[in-house]
Amino acid sequence: MAIWPFNRNEVTMDMIAQDPTCDPYYDPPGWKPPRWRVTLSFFWESIAKPPGERRYVNKLDRGLLVYLMLSYFIKALDQRNISNAYVSGMKQALHLDGNEYNYFTTLFNCGYLVGSIPSQLSLSFARPSIMIPSCEILWTVMVMLQSRSTSAKYIYICRFFQGFAESICYPTMMMIIGSWYKPEEIAKRVIIWDMTGNIASMFSGYLQAAIYTNLNGVSGFAGWQWLFIIDGVISLPIGLFGYFAIPDFPTTSRAVWLTDRDKEYSIRRMTEVGRKGTKKMTVKRFFQIFTGWRFWAFITPYAAYITGAGTYMNLWLQAVGYDVQMTNILPTIGNAISLVSGYIFAILSDITRWRWQLSILTLLPYVFGNLVLAIWDVPFGWKFAANLVPNIGSSFFSLFMAWESEVFQDDTELRGYLPAIGNAIWYCQYAWFPVVAFPAQDAPHYKWGYWAAFGLTIINIVSIYAMYLAIMWDVRRRGLVMNKYGLYVEREDLVDYSSSSLDDIKGPEVLEQAYETGSIDVERDSDLIETKKE
């Protein structure tokens, strides 16, 4: 700890004189990271940030990001368990011999479809910190009830309400992430958040294998029933944690783990980036979403994302003679591939800011996988690869949504409604597409399903480029200018706190707050600011 032979208030006033907007706790003027921090920041950018900002970002990661990861983990786990249960004894126990497996997915998708728009409308009068955890608890109850299923109809009901409750999760969480993190931070957080879905898929496979081996028949429950029970036990405390962890938005946050100083700094960060705060959603504004070019430019690539290859790997493994344990475990190789490739894409995306270019690159593995499986008459090794290679591109949605958070950053509600409407359309088509293109009785050789997925992937690639062209057209039409983060904003929203004064930006009353907020506690802040002796 440094020795301070001077008056701390003099240091604070000198710093603010250099930069009137500076809160020296977060932004000490002249601070430069040592070389080793710059090197490590290639993997995690906050390592090279000033200590105060680094502590702030780490606080966001420990609170918001950790909760989002846990929440998405249980969401993916609770979705995946129906597939693992189906190949682990549920099919025989409930006498499922037709398209019931597809209908489980269809009813879940129908529930998701029904809940997508109402879940976003609910945010007009209820905080995300209330709505998301409440819905998580509801879908946890639906998951546990499936352990008592005696027929397919019972599961249909549970899956519908599970999908309904989960519909708020992805679009709202994506909107929250985009409201707190800066451009050099967002892609890694989104992909790490999304990676937890792959971890959940891996965990579900290992969990079902362990349950089938160790708990099958215990207390009168079959292994597949225990899977639903244990999933529910894992999910419930995470749902309760959400009431504490979700900070809502910078302008409305009541998070107890953020200080008032943190909340003021959050607004400053997002103002400089160009992110707008929340606004009231009116009926007129809601319907304007559907008439604007942004809706159509976004929806086309979003709805065209049909994975196909790799989705039914466990059914193919079962058909070629693998036992229950290996049928559950081998697909987790693809999840491991997703984890590694996803983080590599995240690093490249945050460093280069090639959001749309990398989004297209992630679709190429799906082109390969769907083409090989569509041809079908290929050696076993090619089929195995065609089911695994597409996992390289599993970070597509994360990269695409990171791009959406930036190019539509001037409208917070739009960033929530677009993926919500996109999910509604996507799940609407998924309510019938798997049944028609990938009927269970044709598994594992689907006559035209992989050809359809191949064609949709090509459409997806073309539509992403078309969306980029539409964005650049809008930039020229509106006369937008680029800020220091490489994002386009209105000229009046162009803010650089390193060269502007708070008096110019927010008025003299905020300048007075800057002096108060900028005061330094010697014991706490002495390592944050480097001063020069005369």
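The values are calculated or read from the model by the stated rules, or taken from the named source; none is laboratory data. Because the structure is a prediction, the values reported are computed rather than measured. Here the Cβ positions follow ideal geometry from the backbone for every residue, glycine too, while neighbour counts run over all protein chains shown. When the accessible area is computed, the model is the full protein with side chains, heavy atoms only, and any ligands, DNA or RNA have been set aside. Shrake-Rupley method; radii C 1.70, N 1.55, O 1.52, S 1.80 Å.
What the table below lists for this structure:
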quantity: Length gained when the stretch Thr150-Trp293 is fully extended (0.36 nm per residue, less Cα-Cα span); calculated: 46.7 nm
quantity: Greater than 29 Å apart at Cα, pairs in Lys188/Lys284; Lys188/Lys383; Lys59/Lys276; Lys32/Lys182; Lys153/Lys383; calculated: Lys188/Lys284; Lys188/Lys383; Lys153/Lys383
quantity: Given charges at beta-carbon only (K, R positive; D, E negative), |dipole| of the chain in Debye; calculated: 1080
quantity: Mean ellipticity per residue at 222 nm, deg cm²/dmol - from DSSP H runs of n ≥ 4 across the chain, formula -39500 (n - 2.57); calculated: -21000 deg cm²/dmol
quantity: Cleavage-rule hits (chymotrypsin sites (Phe, Trp or Tyr not before Pro)) in the stretch 117-210: DSSP loop, at most 10 neighbouring Cβ within 10 angstrom; calculated: Phe125
quantity: Separation between Cα centres of the stretch 454-475 and the stretch 137-153, rounded to whole Å; calculated: 40
quantity: Charge dipole (the chain, unit charges on Cβ, about Cα centre) - positive-most of Met174, Pro390, Ser88; calculated: Ser88
quantity: With every protein chain in place, the stretch 336-459: carbon and sulfur % of accessible area (1.4 Å); calculated: 75
quantity: Listed residues Tyr305, Ala336, Ala319: farthest to the positive end of the dipole of the stretch 229-364 (Cβ charges); calculated: Tyr305
quantity: R0 of 25 Å, Cβ-Cβ distance Ala466-Lys280: FRET efficiency to nearest 0.05; calculated: 0.20
quantity: Percentage, to the nearest whole number, of Cα pairs in the stretch 249-364 over 24 Å apart; calculated: 61
quantity: Hull-based mean projected area of the stretch 213-303, where the convex hull spans the alpha carbons, in square nanometres; calculated: 11.6
quantity: Contact order normalised by residue count of the stretch 273-374, Cα under 8 Å, 6+ apart, percent; calculated: 28
quantity: Probe 1.4 Å, accessible area per residue of the chain, Å²; calculated: 42
quantity: Inter-centroid distance (Cα atoms) of the stretch 50-93 relative to the stretch 277-321, Å; calculated: 20
quantity: At 0.890 mPa s and 25 °C, Stokes diffusion of the stretch 396-456 via Kirkwood alpha-carbon radius, µm² per second; calculated: 179
quantity: All Cα pairs of the chain, percent lying beyond 38 Å; calculated: 32
quantity: Two-decimal log10 I(q)/I(0) for the stretch 126-206, as the Debye equation yields it once each C-alpha is a single scatterer, q = 0.22 Å⁻¹; calculated: -1.11
